[in-house]
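Q: My questions all concern the structure below.
The values are calculated or read from the model by the stated rules, or taken from the named source; none is laboratory data. Since the structure is predicted, the reported quantities are computational estimates derived from the model, not experimental observations. With ideal geometry, Cβ positions are generated from the backbone for all residues, glycine too; neighbour counts draw on all protein chains shown.
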Amino acid sequence: MSLPKKMDQQTAKELRSILQKMNITHSKVKINLDNDTIEVEDDYSIDDILESAGVLTPEQAKQLANEVKKMREEEWN
């Protein structure tokens, strides 16, 4: 479980500037300093979209989310 921490405006502005130089414009990112990676977080995850459309059951949505997470982890490694 992650706990969000508030940052000052100057720090947020500097981080936005750095991310924009890397062509990252999403409002949500996860930075892993141990692995030197940045993961862009979707505003809406695919499982949320498909579940809300009635295509997947909650269990199928969970399985899909796990598969997507696994694929993303493999891409970063």
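Q: List, please: which pairs have Cβ atoms under 8 Å, are six or more places apart or on different chains, and start with a residue in the stretch 11-26 that is free of Cβ contacts under 8 Å to residues at least 12 places away in the same chain and end with one that is in a helix (DSSP H, G or I)?
A: 25/19
Q: A follow-up question, please. Given the residues 18, 24, which is the only one that is among the hydrophobic types (A, V, I, L, M, F, W, C) and modelled with pLDDT under 90?
A: 24
Q: Could you list, in sequence order, all residues of the stretch 27-40 that are under 9 Å from the mean Cα position of the chain (by Cα) and more than 17 Å from residue 74 (Cα to Cα)?
A: Correct list: 28, 29.
Q: May I pose another question? If I ask for residues that are loosely packed, with under 10 Cβ neighbours inside 10 Å and within 23 Å of residue 73 (Cβ to Cβ), which ones from the stretch 1-24 would you list?
A: Within the stretch 1-24, 1, 2, 3, 4, 22, 23 qualify.
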